[in-house]
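Chemist: Structure provided below as structure tokens; questions to follow.
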Amino acid sequence: PLLVGGKLYVIATRGGEIQCLDARNGMQVYREKIDSVAACWASPWAVGDRICILDEKGVTHIIKAGDKPEVVMRNRLNDKFWPSVAISSDAYIFKGSRKLICVGK
């Protein structure tokens, strides 16, 4: 689960489903399937009001946080990914099945 702006986001490991709950009262805001999302084993992370979901095929799906899921961008890395992303102040480290990839300054 990921807490952003008073909402709790839960990503299904399979099927591309995202569920959003109001963190104050636990009420469901939405539960929807996001197209083209493969299995997700890594934990999601947030950058401002964006939720980042890395699937096992190396695609990071970037979704705007809020009352309705809106995919704003997708980025692809050429490998398979299961671990969560390591985040520092100026870089993201992705551990793939064949490579270690650092994205940042």
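Chemist: Under 5 Å between amide hydrogens, which residues at least 5 positions from GLU17 or on another chain qualify, with H placed 1.01 Å from N in the peptide plane?
Modeler: For GLU17, whose amide H was placed from the backbone, the distant partners under 5 Å are ALA12, ILE34.
Chemist: While we're here: Give me the accessible area per residue for the chain, probe 1.4 Å, as a whole number in Å². Before the final figure, lay out each step's value.
Modeler: Details: 6320 Å² over 105 residues.
With the other protein chains kept in place, the chain gives 60 Å² per residue.
Chemist: I've got another one for you. Check TYR30: other-chain or 5+ apart residues with amide H under 5 Å from its amide H, H built from backbone geometry?
Modeler: When sequence neighbours closer than 5 places are left aside, the close amide H contacts are CYS20.
Chemist: Residue by residue, what Karplus-based ³J(HN,Hα) values in Hz, rounded to whole numbers, does the range 90-97 have, using 6.51, -1.76 and 1.60 with θ = phi - 60° and x for Gly and Pro?
Modeler: 9, 7, 10, 10, 10, 9, x, 6
Chemist: On to the next question. Show me, for the range 100-105, the HN-Hα J-couplings you get by feeding each phi into the Karplus relation (A = 6.51, B = -1.76, C = 1.60, θ = phi - 60°), rounded to Hz, glycine and proline as x.
Modeler: These are the phi-based 3J(HN,Hα) values: 10, 10, 10, 10, x, 7 Hz.
Chemist: Continuing with this model, one more query. Carbon and sulfur atoms: what percent of the 1.4 Å accessible area of the chain do they account for?
Modeler: Heavy-atom surface of the chain belonging to carbon and sulfur, 1.4 Å probe: 52 percent.
Chemist: With +1 assigned to the C-beta of every Lys and Arg and -1 to the C-beta of every Asp and Glu, and no other charges, what is the dipole magnitude of the chain about the Cα centre in debye, to the nearest 20?
Modeler: That gives a dipole near 300 debye.
Chemist: Now for a different question. Could you give me the ³J(HN,Hα) list for the range 8-22, computed from phi with Karplus coefficients 6.51, -1.76, 1.60 and θ = phi - 60°, whole Hz, x at Gly and Pro?
Modeler: With coefficients 6.51, -1.76 and 1.60, one gets 9, 10, 10, 9, 6, 5, 10, x, x, 8, 10, 10, 10, 10, 6 Hz.
Chemist: Do the alpha carbons of any pairs in LYS7/LYS64; LYS7/LYS80; LYS57/LYS99; LYS7/LYS33; LYS33/LYS95; LYS7/LYS105 sit beyond 21 Å of each other, and which pairs?
Modeler: Values: LYS7/LYS64 12 Å; LYS7/LYS80 29 Å; LYS57/LYS99 13 Å; LYS7/LYS33 18 Å; LYS33/LYS95 26 Å; LYS7/LYS105 30 Å.
Among LYS7/LYS64; LYS7/LYS80; LYS57/LYS99; LYS7/LYS33; LYS33/LYS95; LYS7/LYS105, the Cα-Cα distance tops 21 Å for LYS7/LYS80; LYS33/LYS95; LYS7/LYS105.
Chemist: Near the amide H of GLY58, under 5 Å away, which other amide H atoms are found, from residues 5 or more places off or on another chain, if H is placed in the peptide plane?
Modeler: HN-HN under 5 Å from GLY58: PHE81.
The values are calculated or read from the model by the stated rules, or taken from the named source; none is laboratory data. Since we're looking at a predicted model, the values are computed, not measured. With ideal geometry, Cβ positions are generated from the backbone for all residues, glycine too; neighbour counts draw on all protein chains shown. The protein model used for the area step is the full one, side chains on, heavy atoms only, and it has no ligands, DNA or RNA in it. Shrake-Rupley method; radii C 1.70, N 1.55, O 1.52, S 1.80 Å.
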